[in-house]
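Remarks on the structure that follows.
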Amino acid sequence: MGDTSQAIQPELAAEPSPVRGVSRNVFVLGWVSFFTDLSTEMLYPMLPIFLTITLGTPVVLFGAIEGIAEGTAGLSKVASGAWSDRLPRRRPLIAAGYALSAVGKLLLALSFVWPQALFARVCDRLGKGTRTAPRDALIADSSSAGTRGRAFGFHRALDTAGAVAGPLVGLGLLAALGEGHLRLIFLIAVLPALASVALVRVARERTRSVPQRNPGRMKLDFSGAPATYWLFLGISFLFAFGNSSDAFLLLRASDLGLGLTAVILAYVVYNIAYTLLSFPAGMAADRFGQRPILAAGFLVFGLVYLGFAMTDGTGAVWPLFAAYGLAMALTEGVARALISDAAPSERRGAFLGLYHTTIGLTAVVASVLAGVLWDQISPAAPFVVGAATGLAAAVLLLLLSIRTPKATAIGSPA
């Protein structure tokens, strides 16, 4: 697994925070993500209106802008994670990522034509790609193997709490200022993004000794990972192939008869469930093992997508969105904890980056496929595919044996 002294920082894992079992760094990084997601979700539901109506961007170009932006985020994660392994400290790269996102949101508010908006969105998503793997590696470095489930669960809970508050704040500003002042709302959304940049400086990190390498070359080294890592990466790829953008869930809710305000509130219901259940899901993974919790999450996801495919009225939409929040709580943070435990610790950033890049780029393909299925077959078709991949991932995770000693098996209770 490699020399763990280069990555694990037990003194950081031991630093207390107001939340029992969560280290100070994890607590701080959770609030950093809260303010960033608050900023992002303030403007996200209004982004299509801003681009297509305020700026006059054709819908086909809107899709291209979002595809390019998300592709940029996906491709940059593996490079950023590997780069962070080469640096004595990960925090400067994390701070740079949050700062890039803040700048992207400011540039978006100041955009008057679609090429400016494209540059702003790429800047924002490049920031996300730059920070994600180093931040997750620092969370792993700042927690012990037996508490990583709750560490990532706590982080996802605060991150998603920002996603609950963001649309509500955005709706409040929209009601107070009107649709003619979207640019002002976007400017206001920059403020919590700047707060997250400032908070990153509160995180602590011991300078690590890193191997001397040729500074002029950036070599991605993915050797030394156990079979469990590659097995889970393959299952995650299968799952992501059916996990299209959440925008399709919102479109499906609208297609079934919900109005715009109700659709946004259904999205809030999903994020509330995600927020409330992420930390308990992480604690359950630490107690019962990561693989059973993840398999349960994949199973719930498959059933939720099956529900969206089969329902023909608005009554089922609300419980389905709540159940979708449960599915994400059981998968997102727990998956990061599993990957962190499986990866060689001295190259944890690179392996986390590879995971995030694989999932991110596959999600782009899944969203394109979902759009084609929606248009060419029916609005239910993308959800049939998602149900199939979610259920298949659950079965594979439960049935495929991992040939490692029980004491060290990835996903075994600590």
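Checking each residue in the stretch 237-266 for being in a helix (DSSP H, G or I) and either touching a Pro at 6+ places or on another chain (Cβ under 7 Å) or among the polar types (S, T, N, Q) (or both) picks out F248, R252, S254, D255, T261, I264.
On the given criteria, is G282 assigned to a helix (DSSP H, G or I), in contact with a Ser or Thr (Cβ under 6 Å, 6 or more places away or on another chain) and crowded, with 20+ Cβ neighbours inside 10 Å?
No, not satisfied.
Pairs are defined by a Cβ separation below 8 Å, a sequence spacing of at least 6 or placement on different chains, a first member in the stretch 148-175 that is surrounded by 22 or more Cβ atoms within 10 Å (Cβ to Cβ), and a second member that is of a type in the set (V, I, T) and not in a helix (DSSP H, G or I); the pairs so defined are R150/V22; A151/V22; F154/V19; F154/V22. Of all residues in the stretch 289-312, none satisfies being surrounded by fewer than 20 Cβ atoms within 10 Å (Cβ to Cβ), in contact with a helix residue (DSSP H, G or I) (Cβ under 6 Å, 6 or more places away or on another chain) and at pLDDT below 85.
Matching residues to (1) of a type outside the set (V, I, T); (2) at pLDDT 75 or above; (3) more than 30 Å from L276 (Cβ to Cβ):
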| site | (1), (2), (3) |
| --- | --- |
| I8 | no, no, yes |
| S33 | yes, yes, no |
| Y44 | yes, yes, no |
| F62 | yes, no, yes |
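Here N25 clears all of (1) surrounded by fewer than 23 Cβ atoms within 10 Å (Cβ to Cβ); (2) modelled with pLDDT under 90 except the condition numbered (1).
In the stretch 92-126, what residues are within 18 Å of T207 (Cα to Cα), touching a Leu at 6+ places or on another chain (Cβ under 7 Å) and of a type outside the set (V, I, T)? Result: L93, single match. Residue pairs whose Cβ atoms lie under 9 Å apart, separated by 6 or more positions or on different chains, with the first residue in the stretch 112-125 and surrounded by 14 or more Cβ atoms within 10 Å (Cβ to Cβ) and the second of a type in the set (K, R) and assigned to a helix (DSSP H, G or I), are A120/K105; C123/K105; D124/K105. Among T331, T358, which is of a type in the set (S, T, N, Q), buried (at least 19 other Cβ atoms within 10 Å of the Cβ) and closer than 24 Å to R135 by Cβ? Exactly one of T331, T358 is of a type in the set (S, T, N, Q), buried (at least 19 other Cβ atoms within 10 Å of the Cβ) and closer than 24 Å to R135 by Cβ, namely T331.
Cβ separations smaller than 9 Å between residues 6+ apart or across chains give the following pairs from the stretch 126-144 residues that are closer than 12 Å to R348 by Cβ and in a helix (DSSP H, G or I) to residues that are among the acidic types (D, E) and modelled with pLDDT under 90: P134/D85; A137/D85; L138/E205; A140/D341; D141/E205. So is A189 under 30 Å from A285 (Cβ atoms) and surrounded by 19 or more Cβ atoms within 10 Å (Cβ to Cβ) or not? For A189, the condition - under 30 Å from A285 (Cβ atoms) and surrounded by 19 or more Cβ atoms within 10 Å (Cβ to Cβ) - is not met.
The values are calculated or read from the model by the stated rules, or taken from the named source; none is laboratory data. These figures come from a predicted structure and were not determined experimentally. We place every Cβ from the backbone using ideal geometry, glycine too, and count neighbours over all the protein chains shown.
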